[in-house]
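Novice: The structure that follows is given in the form of structure tokens.
No lab work stands behind these numbers, since they all come straight from the coordinates. Nothing here was measured: the structure is a model prediction, and the numbers come from that model. Because the Cβ atoms are built from the backbone with ideal geometry, glycine has one as well, and the counts that use them run over all protein chains shown.
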Amino acid sequence: MEKKQTLEMIAAISNANGAPGFEDEAAQTILSNASGLGEVSMDRMRNVYIRRRENTGRRPVVQLDAHSDEVAFMVQAVCPNGTLRIVPLGGWVSHNVPAHMVRVRTREGRYIPGITASTPPHFLSAAAKNAPNRRTRNETASGLFMASPPRCPAPCPPDGRR
């Protein structure tokens, strides 16, 4: 495989949507890029297996293990003013959540852009400032559903550089 083709494959897999519980796109992207590598299968948990044809049992078996999911959010509520109450999926540090661009999945499977926000510190009471977990919200359009998986897009550029 040529370097450009390899980088495009890595970018496609890295950029695939894969919020926990919604890994279908990531798994399908891996499957489509694995054709020709051997016997490819996927189980109900969206684990992808590739068994090399060249291994006839006389070589050691090597397992490469990776996650196809990513840290993301789940919509807990759609507020009357159109904002979303979200909860983290994965290892988010709460003070890192505000000001992240997100893409929110609609019922139809489309993604719409949004941004996480929080109440500015100068509008908080003393008790709220010292509270461990201030709620965040996502300012975005309507047409969403509960448990919609917003995710932070961090595209992998095709040249492999950040």
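Novice: In which sequence would S14, S68 go, from the one with the fewest C-beta neighbours within 10 Å to the one with the most?
Specialist: Listed from fewest to most nearby Cβ atoms, that is S14, S68.
Novice: What relative contact order, as a whole-number percentage, does the stretch 72-139 give when Cα pairs under 8 Å and 6 or more residues apart are counted? Before the final figure, lay out the partial values.
Specialist: Working: 93 pairs, mean separation 21.0, N = 68.
Relative contact order of the stretch 72-139: 31 percent.
Novice: How much length would be gained if the chain were fully extended between N47 and T119, taking 0.36 nm per residue of separation minus their Cα-Cα distance, in nm to one decimal?
Specialist: Contour length minus the Cα-Cα distance gives 22.0 nm.
Novice: Can you sort T116, T6 by how many other beta carbons sit within 10 Å, fewest first?
Specialist: By the 10 Å Cβ count, ascending: T6, T116.
Novice: A further question on this structure: Subtract the Cα-Cα distance of V87 and K129 from 0.36 nm times their separation in residues, and report this length gain in nm to one decimal.
Specialist: 13.2 nm
Novice: To one decimal place, what orientation-averaged projected area in nm² is obtained for the convex hull of the Cα set of the stretch 18-102?
Specialist: Hull-based average projected area comes out at 8.0 nm².
Novice: On to the next question. So if each residue of separation counts as 0.36 nm, and I subtract the Cα-Cα distance between Y111 and V62, what length gain in nm does that give?
Specialist: On the way: separation 49, 0.36 × 49 = 17.64 nm, distance 3.69 nm.
So the extension gain works out to 14.0 nm.
Novice: For the residues F73, F22, F123, what sequence is obtained by ranking on other C-beta atoms within 10 Å, fewest first? Please report the intermediate quantities before stating the final value.
Specialist: Numbers: F73 27, F22 20, F123 9.
Ascending number of Cβ neighbours within 10 Å: F123, F22, F73.
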